[in-house]
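Step one of this worksheet: look at the structure below.
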Amino acid sequence: IGGLLIGIAAATGADAGVWLLSALMVLALIIGGASLMPLRGALMANAYARRMEAIRRAYQEALRKAADEQLNYGRQLRQDAVAPFLRMVEAQLAQADAVKAELAQREQALTALEAELGTLR
């Protein structure tokens, strides 16, 4: 291409310097543009990767927030469903403890009564 351009410039005569300069400028622009294409591609790829990472983080945050809300709702629902049964069991345990204490007290009274009867015989 360069030889062809020099040949055309030599054939034109007096304007050969202008043609040669123009041809060299066009050639330099083509080479410069071709060398900048990979750089521009790399810049675009980096920008795309950053944008996709930001979108991925936002999506994960939204999913995490929704999952946390669902877990909290489920946990509260289970606590609300189980609370009456827990109160019933606690009340029955309190009653059982009271009955055990009363039974122990009556056993002591019976033991004391048996001991008193044993002394009367």
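All told, residue 63 falls short of being at pLDDT below 95 and either among the hydrophobic types (A, V, I, L, M, F, W, C) or on the phi < 0 side of the Ramachandran plot (or both).
Tell me yes or no: at least one residue of segment 7-22 is loosely packed, with under 10 Cβ neighbours inside 10 Å and either modelled with pLDDT of 85 or more or within 50 Å of the chain's Cα centre (by Cα) (or both). No, because not a single residue in segment 7-22 is loosely packed, with under 10 Cβ neighbours inside 10 Å and either modelled with pLDDT of 85 or more or within 50 Å of the chain's Cα centre (by Cα) (or both).
The values are calculated or read from the model by the stated rules, or taken from the named source; none is laboratory data. Everything numeric here is computed off the predicted structure, so don't read it as measured data. No Cβ is skipped: glycine too gets one built from the backbone with ideal geometry, and neighbour counts run over all protein chains shown.
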